[in-house]
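Asks: Could you have a look at this structure, given as structure tokens, before my questions?
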Amino acid sequence: MHAALGDAETVINVGAGAGSYEPRDREVTAVEPSGAMRDQRPADLVTAVDGIAEALPFPDDWFDAAMATITIHQWRDLDQGLLEMRRVSRGPVVILTFDAEALTRLWIAEYMPELVSAEAARYPEISHVCDVLGGTSAVTDIPIPLDCLDGFGEAFYGRPEAMLDPAVRQAQSGWGFIDPDVAARSVERLRVALESGEWDEKYGALRVQPEYLGSLRLVVAHP
């Protein structure tokens, strides 16, 4: 993602959150609407501006590049947010997001189908993202490492027990779109499969697989 920013010196990070993917070697302006997320930003990162993607408080072509990581599916108006990123950036728009069609490839779809359905319904089509941004776009499949520190579902492809942890699930926004009783049954389904050995019989090789090529996508759009 940092490589895709090229030689951009000024970067706007939209929906910046706690800044997990934010470059330290550039002049970054972070925009984040959640006060709780702004408070989680490390001291060595810039203070985030309280703002939303759909109304960025900056002039046209103000930044060399714009970035957004695992956030566009949470925006109230996707197209407006993308157009705003394009408006304020005179260079590339770099977005890390998910491809809904690829979510069904992993075991989560078998044991927690309701979670996958909820997440897939939120993710925009990659082709639509490219169309809205205009210009020339490139989409790259991003492999997920076995020890991925991010908390999205596929990050635990080889560590299924983590999905039984309420703290892990609480950090995954998709569970908030599922009825609690349905969610509980999904978790129990996975628990039973792990305790019986069924999961390891089917998917045990994933525990030592260095990377998993799932739904994570990098979109880079040049004007």
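The values are calculated or read from the model by the stated rules, or taken from the named source; none is laboratory data. This structure is a prediction, so every number in the text was calculated from the model and none was measured. Cβ atoms come from the backbone with ideal geometry, glycine included; neighbour counts cover every protein chain shown. Each accessible area value is taken on the protein alone, full model and side chains, heavy atoms only, with ligands, DNA and RNA left out. Shrake-Rupley method; radii C 1.70, N 1.55, O 1.52, S 1.80 Å.
Asks: Taking region 86-108, which residues are within 14 Å of Gly134 (Cβ to Cβ) and within 17 Å of the chain's Cα centre (by Cα)?
Replies: Correct list: Val93, Ile95.
Asks: Now for a different question. Looking only at region 204-223, filter to residues that are hydrophobic (A, V, I, L, M, F, W, C) and in contact (Cβ under 8 Å) with a residue 12 or more places away in the chain; which one of those is farthest from Ile108 (Cα to Cα)? Give the steps one after another, and end with the answer.
Replies: Kept after step one, since they are hydrophobic (A, V, I, L, M, F, W, C), are these residues of region 204-223: 205-206, 208, 213, 216, 218-221.
Now narrow it down to the ones that are in contact (Cβ under 8 Å) with a residue 12 or more places away in the chain: 206, 208, 213, 216, 218-221.
Values: Leu206: 13, Val208: 17, Leu213: 14, Leu216: 15, Leu218: 22, Val219: 25, Val220: 28, Ala221: 31 Å.
Top of the filtered list is Ala221.
Asks: Pairs, please: C-beta under 6 Å, at least 6 apart or cross-chain, first residue within 15 Å of Glu125 (Cβ to Cβ) and in region 81-110, second in a strand (DSSP E or B)?
Replies: As it stands, the answer is Ile95/Ala68; Ile95/Val219; Thr97/Arg217; Asp99/Arg217, since those pairs meet every condition given.
Asks: Of all residues in region 107-117, which are surrounded by fewer than 19 Cβ atoms within 10 Å (Cβ to Cβ) and among the hydrophobic types (A, V, I, L, M, F, W, C)? Explain how you work it out, then say what you get.
Replies: Initial filter on region 107-117 (surrounded by fewer than 19 Cβ atoms within 10 Å (Cβ to Cβ)): 107, 109-110, 113-114, 117.
Result: Trp107, Ala109.
Asks: Are there any pairs with C-beta distances below 6 angstrom linking a residue in region 164-184 that is touching a residue at least 24 places away in the same chain (Cβ under 8 Å) and under 20 Å from Ala121 (Cβ atoms) to a residue that is charged (D, E, K, R) and part of a loop (DSSP other than H, G, I, E, B), with the two at least 6 apart or on different chains, and if so which?
Replies: Qualifying pairs under 6 Å: none.
Here is a yes/no grid of residues against (1) among the small types (Gly, Ala, Ser); (2) in contact with a Gly (Cβ under 7 Å, 6 or more places away or on another chain):
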residue	(1), (2)
Met1	no, no
Glu27	no, no
Val31	no, yes
Ser34	yes, no
Asp44	no, no
Asp50	no, no
Asp60	no, no
Ala66	yes, no
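Asks: Would you confirm whether any residue within region 56-64 is in contact with a strand residue (DSSP E or B) (Cβ under 9 Å, 6 or more places away or on another chain) and either of a type in the set (Gly, Ala, Ser) or without any contact (Cβ under 8 Å) to a residue 40 or more places away in the chain (or both)? Steps first, answer last, please.
Replies: First, the residues of region 56-64 that are in contact with a strand residue (DSSP E or B) (Cβ under 9 Å, 6 or more places away or on another chain): 56-58, 61-64.
When the remaining residues are screened for being either of a type in the set (Gly, Ala, Ser) or without any contact (Cβ under 8 Å) to a residue 40 or more places away in the chain (or both), the result is 57, 61.
Scanning region 56-64, I find at least one residue that is in contact with a strand residue (DSSP E or B) (Cβ under 9 Å, 6 or more places away or on another chain) and either of a type in the set (Gly, Ala, Ser) or without any contact (Cβ under 8 Å) to a residue 40 or more places away in the chain (or both), so the answer is yes.
Asks: Going by the structure shown, is Glu154 charged (D, E, K, R), touching a residue at least 24 places away in the same chain (Cβ under 8 Å), touching a Cys at 6+ places or on another chain (Cβ under 9 Å) and closer than 20 Å to Met1 by Cα? Spell out how you get there, then give the answer.
Replies: Values: charged (D, E, K, R): yes; touching a residue at least 24 places away in the same chain (Cβ under 8 Å): yes; touching a Cys at 6+ places or on another chain (Cβ under 9 Å): yes; closer than 20 Å to Met1 by Cα: yes.
Against the criterion (charged (D, E, K, R), touching a residue at least 24 places away in the same chain (Cβ under 8 Å), touching a Cys at 6+ places or on another chain (Cβ under 9 Å) and closer than 20 Å to Met1 by Cα), Glu154 qualifies.
Asks: Taking region 1-20, which residues are under 16 Å from the mean Cα position of the chain (by Cα) and either surrounded by fewer than 18 Cβ atoms within 10 Å (Cβ to Cβ) or polar (S, T, N, Q) (or both)?
Replies: Let us first name the residues in region 1-20 that are under 16 Å from the mean Cα position of the chain (by Cα), namely 1-2, 13-20.
Across region 1-20, the qualifying residues are Met1, His2, Asn13, Ser20.
Asks: Now for a separate question. With the structure loaded, tell me whether Val28 is open to solvent by less than 30 Å² (accessible area, probe 1.4 Å) and more than 16 Å from the chain's Cα centre (by Cα) or whether it fails that test. Walk me through how you get there before you give the answer.
Replies: Numbers: open to solvent by less than 30 Å² (accessible area, probe 1.4 Å): yes; more than 16 Å from the chain's Cα centre (by Cα): yes.
When the stated conditions are applied, Val28 passes them.
Asks: Residues being more than 19 Å from the chain's Cα centre (by Cα), loosely packed, with under 12 Cβ neighbours inside 10 Å and not in a loop (DSSP other than H, G, I, E, B): count how many of those fall in region 36-69.
Replies: Qualifying residue count for the region: 2.
Asks: So, one more: Could you please tell me which pairs satisfy a Cβ distance under 8 Å, a separation of 6+ or placement on different chains, a first residue in region 33-49 that is farther than 20 Å from Val11 by Cβ, and a second residue that is open to solvent by 60 Å² or more (accessible area, probe 1.4 Å) and in a loop (DSSP other than H, G, I, E, B)?
Replies: Qualifying pairs under 8 Å: Gly35/Asp50.
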